[in-house]
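Working notes for the structure below.
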Amino acid sequence: MAKILSVEELNEQLQLKPRFKVEVNDANIQKRFSAEKNHQSKNNVIIKSLDEHIWLSIQKIEKRYYSPRLHVEIEQREKHCILHCTFGPDPNLWTMFMFVHFFLGLAFIGVLTLYYTNTTLGNSNILAYSLMLTIALLWIGLYVFARNNRQKAAPQSKQLLKVLANVIS
């Protein structure tokens with residue numbers, strides 16, 4: 001469960017969290033985001049909205065493959081709002097990662113089938129063992145790649161967080 005942060009805590013936050021909540025004492029926060037859309041060229045952030053969902057992303061000029069997105073879901077209350085915020089990768093990168101994980105999982109199942117067949121027939125399993133090791137190393141490589149991209153995206157994530165803090169304060 002994400003902790004609810006105040007605007008002051010959001011401004012002082014040093015460590016970026018993938019998920020967090022912010023309580024805002026303004027019931028018309030969507031109007032603030034709409035007003036910020038008109039000034040988005042000065043802060044190099046693109047703001048898109050659909051109903052209670054708002055996406056903040058880096059403009060194409062500064063965008064890299066690891067550039068983050070900030071998804072903000074607005075939960076309306078009587079006199080205030082709670083913003084459910086989530087940092088995530090670009091949808092294209094996310095889709096590529098999902099396909100790679102799917103094919104690695106499918107390959108692992110295929111290698112397990114090869115291992116079972118070779119064991120049943122009494123043949124050598126050296127090929128199956130080496131393929132399992134290769135798949136495991138590829139998965140570790142994907143993990144390291146993702147962690148490295150998250151570190152590279154930290155300055156842009158802070159930029160998105162700063163825009164969010166400017167809008168809600």
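Any read-out appearing in this document is the output of simple, stated calculations on the displayed coordinates, not a laboratory observation. Small disclaimer: the values here were computed from a predicted structure and weren't measured. With ideal geometry, Cβ positions are generated from the backbone for all residues, glycine too; neighbour counts draw on all protein chains shown.
Net length available on complete extension from His53 to Ser34 is 5.6 nm, with 0.36 nm assigned per residue and the Cα-Cα distance removed.
In terms of Cα to Cα distance under 22 Å, which lysines are near enough to Lys152, apart from those fewer than 8 places away along the same chain? Reachable lysines: Lys17, Lys60, Lys63, Lys162.
At a Förster radius of 22 Å, what calculated FRET efficiency corresponds to the Cβ-Cβ distance of Lys17 and Lys60, to the nearest 0.05? With a Förster radius of 22 Å, E is 0.25. The GNM of the chain, with springs linking C-alpha atoms under 10 angstrom apart, assigns the highest mean-square fluctuation among Glu52, Glu73, Glu23 to Glu52.
For the chain, modelled as a GNM whose springs connect Cα atoms under 10 angstrom apart, the maximal fluctuation among Ser130, Ser49, Ser157 occurs at Ser130.
Summed over qualifying helices (DSSP H, 4 residues or more, each -39500 (n - 2.57)) and divided by its residue number, the chain shows a 222 nm mean residue ellipticity of -17500 deg cm²/dmol. Expressed as an acute angle from 0 to 90° and rounded to the nearest 10, what is the orientation of the C-alpha long axis of helix 126-152 relative to the principal long axis of the chain? Roughly 10 degrees between the two axes.
Beta bridges per DSSP, both residues in the chain: antiparallel share near 95 percent.
The calculated pair-distance distribution of the stretch 15-142 uses every alpha carbon pair, bins of 10 angstrom beginning at 0, and gives 11, 27, 22, 15, 13, 9, 4, 0 percent.
Using C-alpha pairs under 8 Å with a sequence gap of at least 6, the mean separation divided by the residue count of the chain gives a relative contact order of 25 percent.
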